[in-house]
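The structure appears below as structure tokens.
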Amino acid sequence: MYSRDFRRDHADLRQMHRTVMSGWPDLADDSPARQSQAVLWRLDSVHRGFAQYVQSSSKPDWSRLTADYLTEPAQVRSLQPLLDAITPGRRFAFRLVGNPTRSVIRPTSTQSPNEGGKRPRGKRIARHKPEEQIEWLIRKGNQHGFVVPTAHNGQPDVSPSPCLTQAGQARPGDRGPITVVPVRFEGHLIVTDADAFRTAVRQGIGHGKAYGCGLISLAPAPMP
């Protein structure tokens, strides 16, 4: 049986974000907390429950969680051994819950697309086709120092699978409700630029980092 607070968080992305960030209670009110601590999180379904992974540049304090929120004490590990293992040509198995989207700009009749010399802000549209999701990941690899190798079938060695669409309710001060359509990627990658890839591991990949997307998990994988 899940705790009442976890059920509340699981139903509302914004509330889950607030609960995750409660692990850093001593930050200044004007600090961009998630960015300053490089906080990323992901919720994975496991046998008879969930495992939540939280990554950050400083150690969190989970003492403010209710007593029944966790089913076992939180485990804290250093990310440094993994960062040290990232070298050019190194092959890893990986898991990433990403938010593959494309930006669509729809000019209104009252505003020119180039009004003020600025490009209008586009609306993010989820990519639902697997081939588009893989293209998104390959493009991110070009930006972040890795490539997805070819599998035995001649296709990219990665499998995208849909996750449940997640929502966050609007509260005073929010711009409005949010919806995230996450995709789980599992496969292999090869590092091409170690520095760029370390930065991606620390800072996350893609949009939706405050809402459970962007954290990439790595495991050693032998070269074929």
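The values are calculated or read from the model by the stated rules, or taken from the named source; none is laboratory data. If you're wondering where the values come from, they're calculated on a predicted model, not measured in any experiment. Ideal geometry is used to build each Cβ from the backbone, glycine not excepted, and the neighbour counts take in all protein chains shown. Each accessible area value is taken on the protein alone, full model and side chains, heavy atoms only, with ligands, DNA and RNA left out. Shrake-Rupley method; radii C 1.70, N 1.55, O 1.52, S 1.80 Å.
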Review point. If you take the residues in region 70-88 that are more than 22 Å from the chain's Cα centre (by Cα) and not polar (S, T, N, Q), which one is surrounded by the fewest Cβ atoms within 10 Å (Cβ to Cβ)?
Key: GLU72
Exercise for review: Kindly provide the set of residues from region 36-51 that are within 16 Å of the chain's Cα centre (by Cα) and either closer than 17 Å to LEU96 by Cβ or surrounded by fewer than 12 Cβ atoms within 10 Å (Cβ to Cβ) (or both), ordered by number.
Suggested key: ALA38, VAL39, LEU40, TRP41, ARG42, LEU43, ASP44, SER45, ALA51
Check your understanding: Regarding VAL54, is this residue open to solvent by 80 Å² or more (accessible area, probe 1.4 Å) and either under 30 Å from PHE197 (Cβ atoms) or basic (Lys, Arg) (or both)?
Key -> no
Review point. Is it true that some residue in region 180-187 is exposed (fewer than 15 other Cβ atoms within 10 Å of the Cβ), among the aliphatic types (A, V, I, L, M) and touching a Pro at 6+ places or on another chain (Cβ under 9 Å)?
Key: no
Point to revise | Filtered residues of region 165-224 (kept if among the hydroxyl-bearing types (Ser, Thr, Tyr) and in a loop (DSSP other than H, G, I, E, B)) | key: THR165, THR192
Study note, to complete from the structure: Filtering region 193-207 down to residues that are open to solvent by 20 Å² or more (accessible area, probe 1.4 Å) and either under 24 Å from PRO130 (Cβ atoms) or in contact with a Lys or Arg (Cβ under 6 Å, 6 or more places away or on another chain) (or both) yields HIS207
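Looking at region 57-69 only, could you name the residues that are of a type in the set (Ser, Thr, Tyr) and either surrounded by 13 or more Cβ atoms within 10 Å (Cβ to Cβ) or in contact with a His (Cβ under 9 Å, 6 or more places away or on another chain) (or both)?
Residue satisfying the conditions is TYR69 alone.
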Practice item. Report yes if ALA221 is open to solvent by less than 40 Å² (accessible area, probe 1.4 Å), more than 15 Å from the chain's Cα centre (by Cα) and modelled with pLDDT under 90, otherwise no. Key: yes
Check your understanding: Going by the structure shown, is ASP174 modelled with pLDDT of 95 or more and exposed (fewer than 13 other Cβ atoms within 10 Å of the Cβ)?
Key -> no
